[in-house]
Amino acid sequence: MDPALCEEFCAEYTRHLNELRNEKNAALIAARAEHENLAREKENLIQAIKDGVPASEIKDDLARIALRREELEARLCHINWGGREVQPALGWPDAPALLQASPLST
């Protein structure tokens with residue numbers, strides 16, 4: 001196996017995996033932010049009811065918020081990265097040497 005090609009492959013593979021992780025992390029951060037915004041919006045609507053706005057005028061908004069929060073919670077509850085806020089970048093500095101030493105490289 002050509003060492004230069006192996007090293008190039010490993011670098012490109014790591015870059016691609018990190019790009020995918022960054023996209024997933026961005027989506028996770030956006031979902032959490034949306035969840036927090038919906039919680040504030042819900043509190044504002046509840047306060048509006050307390051202030052005298054008829055509940056019938058905002059019940060559709062409350063239902064929309066509840067549905068969207070449930071969707072986000074279902075998506076977020078399946079994510080567990082060992083207590084980390086986001087998935088860390090991948091580093092694989094020994095990969096070229098490991099691949100060249102592999103029985104598959106012969």
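No value in this document is a laboratory result; all are computed from the given coordinates. These figures come from a predicted structure and were not determined experimentally.
A straight chain from residue 69 to residue 36 at 0.36 nm per residue would run longer than the Cα-Cα distance by 11.0 nm.
Assuming a viscosity of 1.306 mPa s and a temperature of 10 °C, what translational diffusion coefficient in µm² per second does Stokes-Einstein assign to region 3-78, Rh being the Kirkwood radius over Cα pairs? List each step's numbers first, then the result.
Values: Rh = 15.4 Å.
Reported coefficient: 103 µm²/s.
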